[in-house]
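Novice: Following this message is one structure expressed as structure tokens.
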Amino acid sequence: MKKSFLWGGLAAGMAHEINNPLAGVTQTAEVLTNRLTKIDMPANKKSAEQVGIQMEQIFAFMEKRNVPHMLEIIRTSGQRVSDIINNMLSFSRKSQLVFDAHRIEELIETVLEMAGSDFSHKTGYDFRKIKIEKSYEKNVPAIACDDVKIQQVLLNILRNSAQAMQRVTNKTPIIRICLSSRPDTGMICLSIKDNGPGMDKATTKKIFEPFFSTKPKGEGTGLGLSVSYFIITQIHGGTIDVQSEKGRGTCFEICLPIQQLSSSDNRRD
Ligand SMILES: Nc1ncnc2c1ncn2[C@@H]1O[C@H](COP(=O)(O)OP(=O)(O)OP(=O)(O)O)[C@@H](O)[C@H]1O
Ligand SMILES: [Mg+2]
């Protein structure tokens, strides 16, 4: 048995082992929040009355001792651990891959549809404000890929662009998506370009490194692009590159092999 297979299995096993107690922590924090701060909850009112106290008094005490804020910290910290674990699982879940023929245009459309609700929920930013310009070459062939994984990559990239463009307020945010086939290299190539704040050279060099993030502490895991890199290069045998200029925007280019690969070719244990 190869070493990397063992590590993948170990990482997946550890992730599951951590997920269970983590769910215990976050779910209990939620129950505590309900029991200590929901004044109108009948079960709360009843228990408070039984011990001769009003929920309003309990709530006032909690507020004074900053307890709701502490419970919120447990919730957000738990969510962060859960995000990190789920990202780590993406590195090891190779056995669950499903390779099928998919048209990239269709995957992009699904992701753009998903983006609306996903972004407003995760970033507080309305994705529909962004102008999307599409240019798809005709008759780009379908490729063999795991659609869920490719969608994960596209979502990561679009989410990063949306978050970055949020910082630029003086121009209409635009994302340009271009798709073409490159018969000379046997690849199809997809570029996703934004007109956001861009990055300096030092930042651009680091973005595919695990845990690299410029987001405020506690916000980004810094795993989005390293997982994307893994999915494109290791799982699909493709390439992913970035070009960015400070003040002008960022462009990601993903190239994937046209040739139908059997799933066993792509599972590198
Ligand atoms: N379109 C972009 N414009 C400007 N900076 C970007 C863009 N895409 C990525 N970056 C930079 O790359 C860094 C790493 O991105 P990555 O997706 O790996 O992590 P993250 O977005 O910080 O965290 P998470 O993905 O968990 O939210 C970002 O923090 C940001 O600095
Ligand atoms: Mg990201």
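The values are calculated or read from the model by the stated rules, or taken from the named source; none is laboratory data. Model, not experiment: these values are computed from the prediction. Neighbour counts are summed over all protein chains in view; Cβ atoms, including those assigned to glycine, are modelled from backbone coordinates with ideal geometry.
Novice: Against the conditions (1) modelled with pLDDT under 95; (2) part of a helix (DSSP H, G or I); (3) β-branched (Val, Ile, Thr), where does VAL98 fall short? Just the number, please.
Specialist: (2)
Novice: Please go through the range 203-233 and give me each residue that is part of a helix (DSSP H, G or I) and either within 11 Å of ligand 1 (Cβ to nearest atom) or touching a Lys or Arg at 6+ places or on another chain (Cβ under 8 Å) (or both), ordered by number.
Specialist: THR203, THR204, LYS205, LYS206, GLY224, LEU225, SER226, VAL227, SER228, TYR229, ILE231 - these are the residues of the range 203-233 that are part of a helix (DSSP H, G or I) and either within 11 Å of ligand 1 (Cβ to nearest atom) or touching a Lys or Arg at 6+ places or on another chain (Cβ under 8 Å) (or both).
Novice: With (1) farther than 18 Å from ILE231 by Cα; (2) modelled with pLDDT of 85 or more; (3) surrounded by fewer than 17 Cβ atoms within 10 Å (Cβ to Cβ) as the list, and SER161 as the residue in question, which single condition is left unmet?
Specialist: Tallying (1) farther than 18 Å from ILE231 by Cα; (2) modelled with pLDDT of 85 or more; (3) surrounded by fewer than 17 Cβ atoms within 10 Å (Cβ to Cβ), SER161 fails exactly one: (3).
Novice: Find the residue count for the range 188-202, including only residues that are surrounded by 15 or more Cβ atoms within 10 Å (Cβ to Cβ) and in a loop (DSSP other than H, G, I, E, B). Full working, then the answer.
Specialist: At the first step, the residues of the range 188-202 found to be surrounded by 15 or more Cβ atoms within 10 Å (Cβ to Cβ) are 188-199.
Restricting the remaining residues to those that are in a loop (DSSP other than H, G, I, E, B) gives 195-199.
Result for the range 188-202: 5.
Novice: Just to verify a result, which residue in the range 148-182, among those that are in contact with a strand residue (DSSP E or B) (Cβ under 6 Å, 6 or more places away or on another chain) and among the small types (Gly, Ala, Ser), is nearest to ligand 2 (Cβ to nearest atom)?
Specialist: Applying the filter and picking the extreme gives SER161.
Novice: How many of the residues in the range 183-220 are closer than 26 Å to ILE132 by Cβ and within 12 Å of ligand 2 (Cβ to nearest atom)? It would help to see each step written out before you state the result.
Specialist: Start the filter on the range 183-220 by keeping residues that are closer than 26 Å to ILE132 by Cβ, which leaves 187-199, 203-204, 207-208, 213-215, 219-220.
Imposing the further condition that a residue be within 12 Å of ligand 2 (Cβ to nearest atom) reduces the set to 207-208, 213-215, 219-220.
Summing the residues that are closer than 26 Å to ILE132 by Cβ and within 12 Å of ligand 2 (Cβ to nearest atom) in the range 183-220 gives 7.
Novice: Please verify whether the range 241-251 includes one or more residues that are in contact with a Pro (Cβ under 9 Å, 6 or more places away or on another chain), under 27 Å from ASP147 (Cα atoms) and within 13 Å of ligand 2 (Cβ to nearest atom).
Specialist: Yes, that holds for at least one residue.
Novice: Another question, then. Here is a list of conditions, (1) among the polar types (S, T, N, Q); (2) surrounded by 20 or more Cβ atoms within 10 Å (Cβ to Cβ); (3) under 22 Å from GLN79 (Cα atoms), and THR214 meets all of them except one; can you say which number that is?
Specialist: Only one criterion is unmet by THR214, namely (2).
Novice: All but one of (1) at positive phi; (2) more than 11 Å from ligand 1 (Cβ to nearest atom) hold for GLY198, so report the exception by its number.
Specialist: (2)
Novice: Only one of these is over 22 Å from THR110 (Cβ atoms), surrounded by fewer than 20 Cβ atoms within 10 Å (Cβ to Cβ) and touching a Phe, Trp or Tyr at 6+ places or on another chain (Cβ under 6 Å): LYS206, LYS246. Name it. Don't jump to the end; show me each part of the working.
Specialist: Details: LYS246 fails: touching a Phe, Trp or Tyr at 6+ places or on another chain (Cβ under 6 Å).
Unique residue meeting the criteria: LYS206.
Novice: Being surrounded by 14 or more Cβ atoms within 10 Å (Cβ to Cβ), part of a helix (DSSP H, G or I) and more than 31 Å from the chain's Cα centre (by Cα) is the filter here; which residues of the range 36-69 pass it?
Specialist: Result: LEU36, THR37, ASN44, LYS45, SER47, ALA48, MET55, ILE58, PHE59, MET62.
Novice: If you don't mind, there's one more thing I want to ask. Only one of (1) near ligand 1 (Cβ under 8 Å from one of its atoms); (2) surrounded by fewer than 15 Cβ atoms within 10 Å (Cβ to Cβ) fails for ARG167. Which number is that?
Specialist: Of the numbered conditions (1) near ligand 1 (Cβ under 8 Å from one of its atoms); (2) surrounded by fewer than 15 Cβ atoms within 10 Å (Cβ to Cβ), the odd one out for ARG167 is (1).
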